[in-house]
Amino acid sequence: MTGLQRDLGFIPRLEALRGLAAVSVVAYHAFGQFIDSHVTGLAPVVLFFVLSGFVLARSLARGPTIGEFFRHRVFRLFPAAIAVVLLLTALHAQFGFYVGFLPDFSTVNVLMNALMLKHDINGPMWSMTVEILATPLILLSFWICRRHGWRTMLPFAMILFGLSFIGPYVHLLGGFSNLAPLYAFIAGVMLHFAGSELVKSSRDSSVWIAALFSGALLLYCGFQKQTAPIILLETISSGGLIAIISFAPISLFSFLDAGVSRFFGQVSYSFYLLHLIGLSVALRITSIAGWPVASALLTAVLAVALTTPLAWLSWRYIERPFVRWGRSFRQATQVAPEPAA
């Protein structure tokens, strides 16, 4: 393995960070069910967006063709999402079960949800709708950064930040979708090109301070009303955490090496897609009259417990096989040719 390939290799702590963020979404949603507040769970989603831009930029740097890149995205994202939409459709047909507001389960609407063009059947999939839209933006950002430097993308990110103050733009995709943090994907791509230089030029003590500050700032913003400035701070703090974890693996983040953290990192995508099912069931059996905080904590714990086995099954029998299948196409095209006679 060359030095470049090592530098672009898999970073287990980032996967674990994504897993913990997915679990925190459950806590945010459970908290909002019992306490009247502005908490929505958007902060972890902003982290997902920055992380997607960063990880996909690293993937593109390893040299796949555009066709391979898109094929990998299709096999990575769609099978588990389609399975969850079909599961919710079946649960509604059999038991009248649904999550959130009662959606339209007509054939056309189910198909639109399965293709991530809509997300009314499973509300959290709004972020996947935005991520699908952001894929060409990530490609363009990577190409511009590689050709002209990461600073070239700053004006584009600033334009999108300016648009995040405009309601019609923010809700352009309809439903629960939110385009305000779209520039977070660009931030992730720029971080791929600039993160190492920014982190390694800092002293060890400064890195620790930056890590603690980034984590505290992200947590603080997560409990605020999600205005455009707050989302910007979430993007900056998420970028700080991702850069430090990637380029300065300090012991502060050793908890991300734990087996439980790694496990939730592996199943994080399916966990995020399925968590409203676990939360909906938990809400029906955990409410304690007069104890909203205790109810929220108990609901979150039970929701995680109910969602985890479903997420593992989805990861084991849907995500992994389809990812392997997607990679097999590339391997099939790389078979060595027969030697000439």
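Any idea how many residues of region 103-114 are within 23 Å of Leu279 (Cα to Cα) and under 25 Å from the mean Cα position of the chain (by Cα)? Spell out the reasoning first.
Let us first name the residues in region 103-114 that are within 23 Å of Leu279 (Cα to Cα), namely 103-105, 110, 113-114.
Cutting the leftovers down to under 25 Å from the mean Cα position of the chain (by Cα) gives us 103, 110, 113-114.
Number satisfying all stated conditions: 4.
Residue check: is Ile121 over 15 Å from the mean Cα position of the chain (by Cα) and outside any helix (DSSP H, G or I)? Here the answer is yes, as Ile121 does meet what is asked. So, in region 85-98, exactly how many residues are outside any loop (DSSP other than H, G, I, E, B) and surrounded by 13 or more Cβ atoms within 10 Å (Cβ to Cβ)? Final tally of qualifying residues: 7.
Within region 243-266, is there a residue that is more than 18 Å from Ala22 (Cβ to Cβ) and within 18 Å of the chain's Cα centre (by Cα)? The answer is yes, given that some residue of region 243-266 is more than 18 Å from Ala22 (Cβ to Cβ) and within 18 Å of the chain's Cα centre (by Cα). For region 161-172, the criterion of being touching a residue at least 24 places away in the same chain (Cβ under 8 Å) and surrounded by fewer than 19 Cβ atoms within 10 Å (Cβ to Cβ) is met by at least one residue. All conditions in (1) modelled with pLDDT of 90 or more; (2) within 30 Å of Trp143 (Cα to Cα); (3) small (Gly, Ala, Ser) hold for Gly67, with the sole exception of (1). Looking across Phe10, Phe49, Phe70, Phe95, one residue alone is in contact (Cβ under 8 Å) with a residue 12 or more places away in the chain and over 15 Å from Tyr269 (Cα atoms). It is Phe70. Check whether at least one residue in region 111-133 is among the aromatic types (Phe, Trp, Tyr) and under 22 Å from Ser59 (Cα atoms), and report yes or no. No, the conditions are met nowhere in region 111-133.
Residue check: Ser196 meets all listed conditions (1) small (Gly, Ala, Ser); (2) over 30 Å from Ala27 (Cβ atoms); (3) at pLDDT 95 or above but one, namely (3).
Just to be sure I understand, how many residues within region 252-270 are surrounded by 20 or more Cβ atoms within 10 Å (Cβ to Cβ) and over 14 Å from Arg76 (Cα atoms)?
Adding up the residues that qualify gives 4.
Scanning region 271-330 for residues that are within 17 Å of Gly123 (Cβ to Cβ) and either free of Cβ contacts under 8 Å to residues at least 24 places away in the same chain or among the charged types (D, E, K, R) (or both) yields no hits at all.
Set side by side, the residues Ala311, Ala305, Ala296 differ, and just one is at negative phi and surrounded by fewer than 16 Cβ atoms within 10 Å (Cβ to Cβ), which is Ala305. The single condition from (1) buried (at least 20 other Cβ atoms within 10 Å of the Cβ); (2) within 14 Å of the chain's Cα centre (by Cα); (3) modelled with pLDDT under 95 that Arg73 fails is (1).
When you check Leu182 against the structure, is it farther than 14 Å from Ala248 by Cβ, in contact (Cβ under 8 Å) with a residue 40 or more places away in the chain, in a loop (DSSP other than H, G, I, E, B) and among the aliphatic types (A, V, I, L, M), yes or no? Judged against the criteria, Leu182 is not a match.
Go through region 21-46 and count every residue that is out of contact with any Pro (no Cβ under 8 Å at 6 or more places or on another chain), part of a helix (DSSP H, G or I) and under 19 Å from Val170 (Cβ atoms).
2
Condition first: under 27 Å from Phe271 (Cβ atoms), hydrophobic (A, V, I, L, M, F, W, C) and at pLDDT below 95. Can you find one or more residues in region 200-210 that meet it? Taking every residue of region 200-210 in turn, none turns out to be under 27 Å from Phe271 (Cβ atoms), hydrophobic (A, V, I, L, M, F, W, C) and at pLDDT below 95.
Does region 99-114 contain any residue that is within 28 Å of Gly188 (Cα to Cα) and surrounded by 19 or more Cβ atoms within 10 Å (Cβ to Cβ)? Yes - at least one qualifying residue is present in region 99-114.
The values are calculated or read from the model by the stated rules, or taken from the named source; none is laboratory data. Everything numeric here is computed off the predicted structure, so don't read it as measured data. Positions of Cβ are generated from backbone atoms using ideal geometry, with glycine treated the same way; all protein chains shown enter the neighbour counts.
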